[in-house]
1. Among the candidates GLY339, GLY315, GLY308, which residue alone is of a type outside the set (Asp, Glu) and over 20 Å from ASP233 (Cβ atoms)?
2. ALA276 is checked against (1) assigned to a strand (DSSP E or B); (2) surrounded by 15 or more Cβ atoms within 10 Å (Cβ to Cβ) and fails just one. What number does that condition carry?
3. Which condition breaks for ALA258 when tested against (1) of a type outside the set (Ser, Thr, Tyr); (2) at pLDDT 95 or above; (3) closer than 21 Å to PRO140 by Cα?
4. Tell me, please, whether a residue that is touching a residue at least 60 places away in the same chain (Cβ under 8 Å) and either assigned to a loop (DSSP other than H, G, I, E, B) or buried (at least 23 other Cβ atoms within 10 Å of the Cβ) (or both) can be found in region 122-130.
5. Select, from PRO201, PRO221, PRO161, PRO140, the only residue that is touching a strand residue (DSSP E or B) at 6+ places or on another chain (Cβ under 6 Å) and surrounded by fewer than 23 Cβ atoms within 10 Å (Cβ to Cβ).
6. Here is a list of conditions, (1) modelled with pLDDT under 95; (2) crowded, with 23+ Cβ neighbours inside 10 Å; (3) among the hydrophobic types (A, V, I, L, M, F, W, C), and PHE111 meets all of them except one; can you say which number that is?
7. Hey, among VAL286, VAL312, which residue is over 23 Å from ARG148 (Cα atoms), crowded, with 16+ Cβ neighbours inside 10 Å and either modelled with pLDDT of 95 or more or of a type in the set (A, V, I, L, M, F, W, C) (or both)?
8. Can you name the number of the only condition in (1) surrounded by fewer than 23 Cβ atoms within 10 Å (Cβ to Cβ); (2) over 15 Å from the mean Cα position of the chain (by Cα); (3) assigned to a strand (DSSP E or B) that PRO346 fails?
Amino acid sequence: MRSPFFVLPARRVASSAVLLGLFVAGSSCSSSSGSATAASAPVTIALVPTSTVPSETIAPTTVAPTTTTTDPGPPVYPLTGIPVADPVIAARPALVVKIDNAGGARPQTGFNAADIVFEEIVNAHITRFAMVFQSRDSDPVGPIRSGRIQDINLFGSYNRPLFAWSGGNKTVTAAVDASDLVNLSQLRVGVYFRTTDKPVPHNLYSRTSALWKKAPAGSQPPVRQFSYRRDGDAVAGSPSAGVDVKLDSIKVNWKWNAAKGLYFRQMGGNAHFDAAGGQVTTNNVVVLAMNYLPGISDSPDAQTIGTGEAYVFTGGNYVHATWTRTDRLLPFVLTADDGSVVGLTPGRTFVELPRVDLTQPLPAP
């Protein structure tokens, strides 16, 4: 049974997989030139399950069933797989913050504090980031810009996440309001401010600590989005120095640093820095090849439900895989060519969403 809160027209991905999610083609830019308005109460939108599990009839047997117990290990933060240090923080909802990537917005703040970061293509051959926070804070975070229609499907698996953005046109705003994303735009809550070191509209910021205070009562943490290796598990795949990714006119390179156990980001041939300090890094790089369909305002619309090619870089190795996602409320599943589920290194993950055939894994160093 499909959730009635947001209905989008169905599309077919080029790989011939049938999309089970429903889409509205489109997107928009926000007019973020004004300052934040006074706060209003955040909106809570009920989430209706997309399916029910039928009861199963088990034939009677005279043989007692055998029970196998697997030690689940200590509780972990759902978006990093790292053991929980603070149960209060582990109970927070996911917070998605849309981040500008125009030249005037750099360096941005928050990359190295976010649990997961997505990079998606938007209009005029520009990318935009979505920083997803849960286990850590970034005070401040930004610059914050507008959302896209594609964000509604992309973040449906995060269990009614808080959605921090500068706002959008009537079409996008109505779509966000009708979805299970909690609209915390600058037009809804008064926790945004503008800095003087960057020009408008590239200077809108907030604080994750302030945004979390706007969470509706009863907000729940997200479910785990990826599988993670446990201590002692071997790293799958083959050694690789990293990856080159092209997102239209944006050229991105990730290089593995074995001494630090991190991937370091370059953009346009230069190191990409976080204003909070240091080059942008991550523990895992996950590249999901996307089909983009035309949307409104010339903004591409990533088809994030279906299946496609995936490239996973973790622990200095490369794993060729397939991504599969059958519903917007479910996470991406990464399946290696041998049929196994790809296990990431516990820690932070950066997800790139380029078009098909624009990813080049690098050979072993």
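The values are calculated or read from the model by the stated rules, or taken from the named source; none is laboratory data. These numbers come from a predicted model, not from an experiment. Here the Cβ is made from the backbone with ideal geometry for all residues, glycine too, and neighbour counts use every protein chain on show.
1. Matching residue, one of GLY339, GLY315, GLY308: GLY308.
2. (1)
3. Of the numbered conditions (1) of a type outside the set (Ser, Thr, Tyr); (2) at pLDDT 95 or above; (3) closer than 21 Å to PRO140 by Cα, the odd one out for ALA258 is (3).
4. yes
5. PRO140
6. The failed condition is (1).
7. VAL312
8. Of everything listed in (1) surrounded by fewer than 23 Cβ atoms within 10 Å (Cβ to Cβ); (2) over 15 Å from the mean Cα position of the chain (by Cα); (3) assigned to a strand (DSSP E or B), PRO346 misses just condition (3).
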